[in-house]
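For reference, the structure is listed below as structure tokens.
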Amino acid sequence: MCLGPLEAFPEGTLVGLTAAGQRLLVVRLGETICALVDRCPHEASRLSRGRREDGTVICPTHGAILDLKTGRMIEPPLGEPEFRRDGQTVPVRVVDGMVWACLEGPGRQRA
Ligand code: FES
């Protein structure tokens, strides 16, 4: 499914959108486009409302830190040092200046 032109994803900006009925967080990091399901693995907050720091996103609710490329939870939520659950990555690639994600269902909408 096409998510839009590469220019719609400014370098380092957390972009939240809905595609195929699924909320995604899409981030351009240099030559790489990263996409995660826009749902924190802790209590389902929208990661796209968080903050990017280098190659990570910090959840706005309890501060869990996830790697944008792998979804791996680098730091657990505040106050829950034992909590470890990774975010879900979505395969994406750029073809002829357009960003495509491997999803099924109806079209894309801005979140
Ligand atoms: S909802 Fe994201 S850290 Fe709790």
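The values are calculated or read from the model by the stated rules, or taken from the named source; none is laboratory data. Model, not experiment: these values are computed from the prediction. Glycine also receives a Cβ, built like all others from the backbone with ideal geometry; neighbour counts cover every protein chain displayed.
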Options THR61, THR13, THR18: the member that is among the polar types (S, T, N, Q), part of a loop (DSSP other than H, G, I, E, B), out of contact with any helix residue (DSSP H, G or I) (no Cβ under 6 Å at 6 or more places or on another chain) and within 24 Å of GLY97 (Cα to Cα): THR13
Members of the stretch 47-64 found to be touching a Pro at 6+ places or on another chain (Cβ under 9 Å) and within 9 Å of the ligand (Cβ to nearest atom), listed by number: LEU47, GLY50, CYS59, THR61, HIS62, GLY63, ALA64
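Only one of VAL26, VAL15, VAL37 is modelled with pLDDT of 95 or more and within 16 Å of the ligand (Cβ to nearest atom); which?
Values: VAL26 fails: within 16 Å of the ligand (Cβ to nearest atom); VAL15 fails: within 16 Å of the ligand (Cβ to nearest atom).
Every option except VAL37 fails the conditions.
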Pairs, first of a type in the set (Lys, Arg) in the stretch 54-73, second away from the ligand (no atom under 14 Å from the Cβ), C-beta under 6 Å, six or more apart: LYS69/CYS34
Subset of the stretch 15-32 that is surrounded by 19 or more Cβ atoms within 10 Å (Cβ to Cβ) and aliphatic (A, V, I, L, M) - its residue that is farthest from ASP67 (Cα to Cα): ALA19
